[in-house]
Structures are given as structure tokens and as C-alpha cells.
Amino acid sequence: MSISWPGGRKAAASLTFDFDAESVWLAMDPANAGRPGALSIGVYGARVGVPLILDTLARHDVRATFFVVGKNVELYPDRVAAILDGGHEIAVHGYTHTPPSLLTPDEEEAELVKAKALLEGAGATITGYRSPSWEVSPVTLDLLQKHGFRYSSQYMADIRPYRHDHHDLIELPIQWLLDDWPHFQMGPGQMNRPVQTTRHVEQLWMEELEGISALGGHTIITMHPQVMGRPSRVALLDRLIGAMKARDDLWIATCGEVAALAETALPKGSSR
């Protein structure tokens, strides 16, 4: 079932940022706790990346969705506050960035509840969730529905929002192609991948945006402050937003805004 985008626009796009900081490296390997050099990659994301990204978004007057690891409310409360002060949406990205597939159902629920409570305590209105590393367990969707989430963004089954079978949740599909991590990120255990130039990734992303838009879909770009927050990549973000805003057929919206529209367009009980 198709969705009519606002203002007669043909397609939609969302800019999203997974604010992991050190948690992603600790979840990959707990031994990284004793490697401050490795953890400093994540520290950069909070210290430098988030402010540069927020400045760029403010200059373009564009609102984004930040999927925030709950522990960052404890580690970087000023950065979480700055995201909210910028008018951006905050959604849950776990508490410790541990993939739900590695947790017991009780552990997964405890992480979900704790992260949601911390982010709400910081002032966020929580409706969305993205699983760490885009990994889910057999009970993830059940837990999201139980705890009042309205959408998730971690599956790759479509280019348009859809409802999950047997759940009321809206899914906002993502794709590795549209994620900065596989193209740019190096780090412990990931040193053998080539780092792409911004021009290469810009071409990939713009081609995919064009293709999804031609089909009336929803393009979600997934970025990480410790990755996209490098100076050359902030310049890429600036160019990307400029190109998006130049299209009069594209609705640029937060994930929460897209999910709210999809809820009205997609009847409960339908998967499309």
C-alpha cells in the first residue's frame, strides 16, 4: 500500500545518527575497556562529531533523528541536551549497544526499559527504536510493542515504511549501502577494509536517493558522529543536505514524523 507524502511530494528522506560513543567498541569486545586509544575513537564522536553535525543541521534548518545509546545520557548529558535543544528527535539505540541477539529476553527488556527511562528523563519523547548493530532477537518486536514504541528502523525488507506482521509497529527500512560505517570506519578488528573517499560515497548515496525517490520511497541515511563527524565528511553532509533541499519533490522529515504518517496510511493488520 503506497503512502501519499505531504505537500504532493513524490518521496521522503530522513537523516539519522546513531550516537554510540565508546559503547560500540565495548560491545564489540569488552577487552577494549583496557584500550583507551581504541575507545578514543568513540570519544571523538561525542566531543567533536556531535557539535559539528548539529551546527551543520542548524545551518540548513533541518531536523534529524538521533538514535542514542542510553548510557550516553550518563556519560554525555550535555550532548544529549544539545541534540534536544536543536529540535531533533531522539530514539532508543539500546543501553550498552549490545545486540539483542546476544542477550536473554530478560536482559534485552532490562536494557530497553533502562535506555527509554534515561532518555525520557533527559527530556526526550520516545516513540522509536533502532537495535544496536541492526541485530534483533525473537522477542524484540514483542518488547517494543509491550513498552509503547510506535516504530523501529533496523530491517532491510523494503524501500517504503510498512507494518510488521502480527504487530502494530511501523518499520522504517534501512540499508547497509546508505550507512557510513561500511564505507568509512576503521578500528580494532576492522583494519582490513578500504576507506572510501567522500566523493565515492556521495555518488553512491545520491544514486540511491534518486532511485528510491523515483519509486516514491523513503531514503534513510544512517550516520555515526564518530564516523561522519570527521571534517571532510561533515562537508559531505553539508553537500548532501543541500542537494536534498534543492529537490522540490522530496519531504525531509524525522523518522518519527514519517512513522506517524505511515500509521494513518497503513491499516493495522496489514504488512504493507
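Summary of values
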read-out: Failed condition for GLY42, given (1) at pLDDT 95 or above; (2) out of contact with any Cys (no Cβ under 9 Å at 6 or more places or on another chain); value: (1)
read-out: All positions within the stretch 80-97 that are surrounded by fewer than 23 Cβ atoms within 10 Å (Cβ to Cβ) and either modelled with pLDDT under 95 or within 21 Å of TRP25 (Cβ to Cβ) (or both); value: THR96
read-out: Matching residues in the stretch 44-66 - criterion: being small (Gly, Ala, Ser) and within 21 Å of LEU250 (Cα to Cα); value: ALA58, ALA64
read-out: Among the candidates GLY94, GLY45, residue that is touching a Gly at 6+ places or on another chain (Cβ under 8 Å), closer than 20 Å to MET223 by Cβ and in a helix (DSSP H, G or I); value: GLY45
read-out: Within the stretch 133-158, considering residues that are more than 23 Å from ASP179 (Cα to Cα) and among the aliphatic types (A, V, I, L, M), the one surrounded by the most Cβ atoms within 10 Å (Cβ to Cβ); value: LEU144
read-out: Pair list, Cβ < 6 Å and 6+ apart or interchain, from the stretch 17-46 residues that are closer than 17 Å to VAL227 by Cβ to residues that are among the hydroxyl-bearing types (Ser, Thr, Tyr); value: SER23/THR96; ALA27/THR98; ALA46/TYR76
read-out: Filter result for LEU26 (at pLDDT 95 or above, surrounded by fewer than 24 Cβ atoms within 10 Å (Cβ to Cβ), not in a strand (DSSP E or B) and not basic (Lys, Arg)); value: no
read-out: Residue in the stretch 159-195 that is nearest to ILE212 (Cα to Cα), counting only those that are at pLDDT below 85 and surrounded by 15 or more Cβ atoms within 10 Å (Cβ to Cβ); value: GLY187
read-out: Segments classed as helices (runs of 4 or more DSSP H), wholly inside the stretch 171-272, with at least 3 members that are without any contact (Cβ under 8 Å) to a residue 60 or more places away in the chain and closer than 20 Å to LEU57 by Cβ; value: 180-184, 198-214, 231-245
read-out: Criterion (within 17 Å of GLU257 (Cβ to Cβ), among the polar types (S, T, N, Q) and either under 18 Å from the mean Cα position of the chain (by Cα) or buried (at least 24 other Cβ atoms within 10 Å of the Cβ) (or both)) met by exactly one of THR65, THR56; value: THR65
read-out: Among (1) of a type outside the set (Asp, Glu); (2) within 27 Å of ARG239 (Cα to Cα); (3) out of contact with any strand residue (DSSP E or B) (no Cβ under 8 Å at 6 or more places or on another chain); (4) assigned to a loop (DSSP other than H, G, I, E, B), the one test that VAL136 misses; value: (2)
read-out: Subset tally (residues that are surrounded by fewer than 21 Cβ atoms within 10 Å (Cβ to Cβ), within 18 Å of the chain's Cα centre (by Cα) and farther than 20 Å from VAL258 by Cβ) for the stretch 118-132; value: 1
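For (1) of a type in the set (D, E, K, R); (2) out of contact with any strand residue (DSSP E or B) (no Cβ under 7 Å at 6 or more places or on another chain); (3) more than 27 Å from GLU210 (Cβ to Cβ), each residue gets a yes or a no:
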{"site": "SER2", "(1), (2), (3)": "no, yes, no"}
{"site": "PRO6", "(1), (2), (3)": "no, no, no"}
{"site": "ASP20", "(1), (2), (3)": "yes, yes, yes"}
{"site": "ARG35", "(1), (2), (3)": "yes, yes, yes"}
{"site": "TYR44", "(1), (2), (3)": "no, yes, yes"}
{"site": "PHE66", "(1), (2), (3)": "no, no, no"}
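The values are calculated or read from the model by the stated rules, or taken from the named source; none is laboratory data. As the structure is a computational prediction, the values presented were derived from the model and not from experiment. Reconstructed Cβ throughout: ideal geometry from the backbone, glycine too, with neighbour counts over all protein chains shown.
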